[in-house]
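The values are calculated or read from the model by the stated rules, or taken from the named source; none is laboratory data. Because the structure is a prediction, the values reported are computed rather than measured. Backbone-built Cβ (ideal geometry, glycine too); neighbour counts: all protein chains shown. Surface areas here come from the heavy atoms of the whole protein model, side chains and all, with no ligands, DNA or RNA. Shrake-Rupley method; radii C 1.70, N 1.55, O 1.52, S 1.80 Å.
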Amino acid sequence: MPNYTLCIDTSAGTTVAVLQGGEIRSEIHFDENMKHAERIGDAIAQAVAAADIAPGRITNVVVGRGPAPFTGLRIGIAAAVMYAEGVGAKLWGVTSLDAIARAAFDAREAAGANGAADLPLLVTADARRSEVYWALYSGLSKSGAPIMIEGPGVAKPAALEELLADKKFDRTDIKINAADLGKVFEAQLLDGSASQNVTALYLREADAVAPKDLREFGKRVSG
Amino acid sequence: MTTVNYKIREATEQDLDAIMLLENSCFGNDAWDADTMHFEVVAHHTYYLAAFEGTTEEGQLVGFAGLSKIPGNDQADIQTIAVSEAARGKGIGKALMLDLLKEARRLHAAELFLEVRADNPAAQNLYLNLGFEHIDTRKRYYQPDDVDAWVMRLQFSKTSIGREPIVLGIETSCDETGIGIVRGNTLLANIISSSMDEHARFGGVVPEIAARAHLEALKPTLHQALAKANLSLKDIDAIAVTNGPGLGGALMVGIGAAKALSVAIEKPIYAVNHLVGHVGVDILERGELETPTVALLVSGGHTSLLLVRDLINDVELLGETIDDAAGEAFDKVARVLRLKYPGGPEIDKAAVGGDPKAIRFPRGLSLPKDMEKHRYDFSFSGLKTAVARWVEVAETKDEPFNVADVAASFREAVADVLVTKAVNACLDHKVPRLLLGGGVVANARLRELAQERCEAHGIELRIPALSLCTDNGAMIAALGAQLIMAGRAPSSLHFGVDSTLPVTTVQTH
């Protein structure tokens, strides 16, 4: 029986893919950075249908843990948790930025190795509030898993430039794709570094200020 | 708001003359003759209703409707329905239909059929809203007008043929992750994981903290619910999930979870209204919800007064808070009195031995001028400020004051205004039932006062068990099961969150 992997990421848009032994069987992308709750059901149903398998045939569920804006990120993780429960599949977590790094390194290799090949790669993603999530990668492991050397973090772009000022690195503007998330997972599985931790990588505290004097009504902290 | 100024009862032979008058005026050339109508009204396999003007004394006949269900046949038909022209647009047709639907369900009909003129969109919409679908068209059925007939069908229990559906309900609208399981009207599991403690240092629910907690709680709560019900996910027939009203980010966690589960186990999903869920919970304790009923739902997020004529077809919002929810007022006043969060139980404790009449705090929206516009609405912001000012003044004067008196007087003001308006709603609408729901129902004085006033007015008071009053998944599952048993089609996979979902939208498609 072949192993089918359902890959879900809602760190940016809603992207879902089904992989089987390194081969992409289907991928569904909704690009909007909102409406994850509306899209997630259709995206999963369509990806599974396009892979031409029954939903119960999924044996692994891989989900992007972010870092990402909270509200959308959680929808993908909640969906992955429940899908895995529903079909009795194993649940795995992958850092979403890893998927972008993998795609960028793959693209670099496809373009033919040149001087840039040895440079580290900076991956960033929109964190809203004029900030970015970032991580720096040195390359891929033998199996193809991205090797993170710094991050993940969240910073204002200017602060990030300052932090990395004395480093040489390459950048990428590739968008996240759940299929790349699945490729990272398969490589990590070979490396023995695949993780079952699906905790959201928020990187920011919940936005709430405990009032100094709870008797003040000024700060509205209730929903 | 339309006031209910009609009365419906079963029709008898004595009503025939009046029925024939209305029949002729409504259907003209198409009208049945008196013999046919006589047979229909008195036959054993039919059920005819008549609607009359007036509530106390029986006035003129303004409508009638009939159902036919032959024993042994699981199909039933709406034979006819008529409402006098002058009385249309008052919900009489809908009320007659709801009664016939109830009877058809009672007689275990699997399908209910009717025909309606193709040129009558008002009637078609009424039937569509009740769950009928247009399945066929009979060409030129109505003569001599040469108008087509739509054949419409309502399927009861479409997804659970032959048995009660097992429904898993997911609730994440505020700070409790609730997963419940029901079989039809029977409660199998009701597991609640609350993030209340994490909000304590903020003095109120922090939406982001609540949403994070939901994500963490999903899996363990699901496992506990399945274990309690002694079931596996393979046994679940359908999933119900709250899609509003509530905190957007929190609701989305439940929706993402529910949709993925629905796809994974290949079972239908029903997106349901949180507040209507609070009302439906009574079914789990009594096997049915007696209607009509007024429902007072009071929590940290809501203070709403509903008139429920039919749980899944006819819920009306009579009023709600225009500022703070009652539970929020308890939390804020607790802070003023340097008590802990959540404020309700703390104020209850502090009020022991206090004099509820010591301080006359204001009753929001209770003055005659407010009662005109806001008869069933609530306001607790002024009350909260009044308590804060009172305490401030006392402290400035350096006068010691009795916290028990302040707590008791504040609590009295909240309970008084809640119960007064709820009882008014029952009396105004001649509804002899009041159902309480929401976390604030835990408040001892509210329960006591509701009991007193309801007894005095001959109103039956229902207070579900506290574990069913606070936010929970069982109530969501129960409402889902009601929709399924009424033959409602499942929701699509594209529905989203509606933080301000109105109570009139029981299910989002």
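So if R0 is 25 Å, what FRET efficiency would B:Gln224 and B:Glu266 give, r being the distance between their Cβ atoms, rounded to the nearest 0.05?
After rounding to 0.05, the efficiency reads 0.55.
Treat each spin label as a single point 7 Å out from the Cα along the C-beta direction, and report the A:Leu163 to B:Arg105 distance in nm.
Spacing of the two 7 Å Cα→Cβ label points: 5.8 nm.
First measure r as the distance between the Cβ atoms of A:Lys175 and B:Ile322, then evaluate 1/(1 + (r/R0)^6) with R0 = 45 Å and state the FRET efficiency to the nearest 0.05.
Here the calculated transfer efficiency is 0.50.
For region B:368-509, calculate the relative contact order in percent as a whole number, restricting contacts to Cα pairs under 8 Å that are 6 or more residues apart.
RCO, region B:368-509: 17 percent.
Let me know the charge dipole size of chain B about its Cα centre in debye, to the nearest 20, where only the beta-carbon of Lys, Arg (+1) and Asp, Glu (-1) is charged.
The dipole of chain B has a size of about 1380 debye.
Give me a single rounded figure for A:27-40: the average over its residues of other chain Cβ atoms within 10 Å of their Cβ.
3
Could you check the simple spin-label distance between B:Arg9 and B:His44, using points 7 Å along Cα→Cβ, in nm with one decimal?
2.5
Using a 1.4 Å probe over the heavy atoms of the protein chains, calculate the carbon and sulfur portion of the accessible area of chain A as a whole percent.
50
Report, as an integer, the average count of C-beta atoms from other chains found within 10 Å of each Cβ along B:447-454.
Counting Cβ atoms of other protein chains within 10 Å of each residue's Cβ and averaging gives 0.
Given Cα pairs under 8 Å that are at least 6 residues apart, what percent is the relative contact order of region B:238-378?
Worked out over region B:238-378, it gives 16 percent.
Given 0.36 nm per residue, what is the gain on full extension from B:Glu216 to B:Glu85 after removing their alpha carbon distance, in nm?
41.4 nm is the gain from fully extending B:Glu216 to B:Glu85.
For the protein assembly as shown, give the share of DSSP beta bridges that are antiparallel, in percent and rounded to the nearest 5; count only bridges with both residues there.
75
What does the convex hull of the Cα atoms come to per residue for the protein assembly as shown, in Å³?
For the protein assembly as shown, the hull spanned by Cα atoms encloses 193 Å³ per residue.
Kindly sort B:Arg138, B:Arg335 by accessible area of their heavy atoms, largest first, with the probe set to 1.4 Å.
Descending order: B:Arg138, B:Arg335.
Taking 0.36 nm per intervening residue step and subtracting the Cα-Cα distance, what contour gain separates B:Thr396 from B:Asp148 on full extension?
Stretched fully, the B:Thr396-B:Asp148 segment lengthens by 81.3 nm.
Can you give the accessible area buried between chains B and A, summed over both chains, with a 1.4 Å probe, in Å² to the nearest 100?
The contact between A and B buries close to 3700 Å².
May I ask for the longest run of chain A untouched by GluC sites (Glu not before Pro) that are loop-located per DSSP and have at most 15 neighbouring C-beta atoms (other than their own) within 10 Å?
My reading of the result: A:33-204 is the longest stretch.
What number, in percent, do you get for the relative contact order of chain A if the mean sequence gap of Cα pairs under 8 Å and at least 6 apart is divided by its residue count?
Relative contact order comes out at 22 percent.
How many angstrom lie between the Cα centre of region A:13-48 and the Cα centre of region B:244-267?
For region A:13-48 versus region B:244-267, the Cα centre distance is 16 Å.
Which aspartates and glutamates, if any, have their Cα less than 17 Å from the Cα of B:Lys69, not counting same-chain residues under 8 positions apart?
B:Glu10, B:Glu40, B:Asp77, B:Asp99, B:Glu103, B:Glu111, B:Glu115
Protein chains only, probe 1.4 Å: how do B:Thr420, B:Thr221 rank by accessible area, largest first?
B:Thr420, B:Thr221
Would you mind checking B:Lys332/B:Lys357; B:Lys332/B:Lys369; B:Lys90/B:Lys373; B:Lys90/B:Lys139; B:Lys228/B:Lys349 for any pair whose Cα atoms are more than 23 angstrom apart?
The pairs that break the limit, which is 23 Å between Cα atoms, are B:Lys332/B:Lys369; B:Lys90/B:Lys139; B:Lys228/B:Lys349.
Within chain B, which DSSP H helices have Cα atoms that stretch 20 Å or more along the helix axis and a mean Kyte-Doolittle hydropathy of at least 1.6?
In chain B, the long hydrophobic H runs are B:248-265.
Scan region B:286-392 for GluC sites (Glu not before Pro) in coil per DSSP, keeping those whose Cβ has at most 15 other Cβ atoms within 10 Å, and list them by number.
B:Glu288, B:Glu290
B:Lys234 versus A:Asp126, label points 7 Å from Cα toward the beta carbon: distance in nm?
In this crude label model, B:Lys234 to A:Asp126 measures out at 4.5 nm.
Scan around A:Tyr4 for amide H atoms under 5 Å from its own, H built in the peptide plane at 1.01 Å from N, and keep only partners 5 or more places away or cross-chain.
Sorted by chain and number, the residues that satisfy this are A:Thr59, A:Asn60.
Can you list the residues of region B:77-111 with backbone N under 12 Å from a point 7 Å past the Cα of B:Asn125, pointing along Cα to Cβ?
Hits in region B:77-111 for B:Asn125 at 12 Å: B:89.
Under 13 Å Cα to Cα from B:Lys94, which aspartates and glutamates show up? Leave out anything in the same chain fewer than 8 places away.
Cα-Cα hits under 13 Å: B:Asp310, B:Asp314.
Rounded to the nearest 5, what % of the DSSP beta bridges within chain A are antiparallel ones?
70
Along the principal axes of its C-alpha atoms, what lengths does chain A span, in descending order and rounded to whole Å?
63, 47, 30
Above 23 Å lies some portion of the pair distances; for region B:22-170, what is it as a whole percent of all C-alpha pairs?
Here the long-distance tail beyond 23 Å is 42 percent of all Cα pairs in region B:22-170.
Sorted by accessible area with a 1.4 angstrom probe, largest first, how do B:Phe39, B:Phe132 fall?
From most exposed to least exposed: B:Phe39, B:Phe132.
Pulled fully out, how much extra length does the chain show between B:His509 and B:Ala18, if you take 0.36 nm times their separation in residues and subtract their Cα-Cα distance?
Gain on extension, B:His509 to B:Ala18, equals 172.6 nm.
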